[in-house]
Amino acid sequence: MAFSPASSSTVDTSLVTIMSWPTRWPAAAFPIALEFLTFVATHKGGGAAWKTGSFSQAPAWVKAVMDNGFKTPAGILAISGLMGLPLWLWARSHFPTSLLASYYVGGGLMLGRLVSMSVEIWVLYKHLEDLLNES
């Protein structure tokens, strides 16, 4: 598997995240590992066309997130949670009275992170299923 600039960036970001977040919140190791394993599984299965090739046989709830390059309400919610929840956790500890650190914002971001986590778990399930069917 050859790394493209995009996949190199993902690996770099994952490594920096792995080194920084768990020192502050040890529970952060689980979503970081889940994201990295999902990255590997999607690129093994779909290569450069992972957004289209990996999700052609996906259930409707996964397609709702992945359709049109995450440019759907479910996709926007998932990406917001994926990218915004770590920022919210940081804001809660540094600026506890700001609007960004409110529990309403955190609740929406947590919902989005749960949506993205469910898609990541489905991707890993399909990847393991495919590996088992190969042998």
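Rounded to the nearest 0.05, what FRET efficiency is calculated for L131 and W61 with R0 set to 25 Å and r the Cβ-Cβ distance?
The value I calculate is 0.60.
Residue separation times 0.36 nm, minus the C-alpha to C-alpha distance between K44 and S118: what's the value?
The span from K44 to S118 would gain 24.7 nm if fully extended.
Name the residue from Y125, G69, W90 whose Cα lies farthest towards the positive end of the charge dipole of region 48-135, charges +1 on Cβ of Lys and Arg and -1 on Cβ of Asp and Glu.
The residue sitting farthest along the positive end of the dipole is W90.
How much length is gained if the chain between T72 and L99 is pulled fully straight, taking 0.36 nm per residue apart and subtracting their Cα-Cα distance, in nm to one decimal?
Here the answer is 7.2 nm.
FYI, it's all coordinate maths here, none of it is from the lab. Because the structure is predicted, anything quoted here is derived from the model rather than measured. As a convention, Cβ positions derive from the backbone with ideal geometry for all residues, glycine included, and neighbour counts pool all protein chains shown.
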